Amino acid sequence: MSTFQVPSDKPLPVIERVTGNTAKTIVDASTEAYFVPWFQVNGHSATAPALTVDLYDGTTAHYLAHDDGSTWLARATAAFGSYQFTHGIVVPITWKLRVTSDNASGLFHVIGLKIRVVL
């Protein structure tokens, strides 16, 4: 096993509520890159909306992969479900990490951690 260091700043919380059916930015790297070691998307309703999670470069959405090999593009969820993303994601400068619900009320909360990457 190899070890490497990434110069970074102190960890910051990610706390967002998805309240509609348009993409909700949960990490905005407009001016600086971030490392997201983990985050979770939690449903807060008996309704089970479809969930999309992507990295957006300003033009194209790049969908995150699920452990089963599929992507998080309009993926079915369970009522009051909780979905963990623990592989670590780098959000490059000018990109965004986003969550989208297909329900007009959103019905998801997102919590996690982000760390500014110091270059």
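Checking Val18, Val53 one by one, the residue that is in contact (Cβ under 8 Å) with a residue 60 or more places away in the chain and closer than 20 Å to Gly106 by Cβ is Val18 and no other. Given the condition closer than 21 Å to Arg116 by Cα, within 11 Å of the chain's Cα centre (by Cα), touching a residue at least 12 places away in the same chain (Cβ under 8 Å) and not in a strand (DSSP E or B), answer yes or no: does some residue in segment 24-39 qualify? No, segment 24-39 contains no residue that is closer than 21 Å to Arg116 by Cα, within 11 Å of the chain's Cα centre (by Cα), touching a residue at least 12 places away in the same chain (Cβ under 8 Å) and not in a strand (DSSP E or B). Evaluation of Ile15 against the conditions (1) at pLDDT 95 or above; (2) not in a strand (DSSP E or B) shows that the sole unmet condition is (2). Consider segment 85-102 and keep the residues that are of a type in the set (S, T, N, Q) and at pLDDT 95 or above. The one that is nearest to Ile115 (Cα to Cα) is Thr94.
Residue-level check: of (1) surrounded by 14 or more Cβ atoms within 10 Å (Cβ to Cβ); (2) of a type outside the set (A, V, I, L, M, F, W, C); (3) in contact (Cβ under 8 Å) with a residue 12 or more places away in the chain, His66 misses just (3). Restricting segment 17-54 to residues that are farther than 21 Å from Asp67 by Cα and among the hydroxyl-bearing types (Ser, Thr, Tyr), the residue that is surrounded by the most Cβ atoms within 10 Å (Cβ to Cβ) is Tyr34.
The values are calculated or read from the model by the stated rules, or taken from the named source; none is laboratory data. None of these values were measured; they are calculated from a predicted model. Every residue, glycine among them, receives a Cβ derived from its backbone with ideal geometry; neighbour counts consider all protein chains shown.
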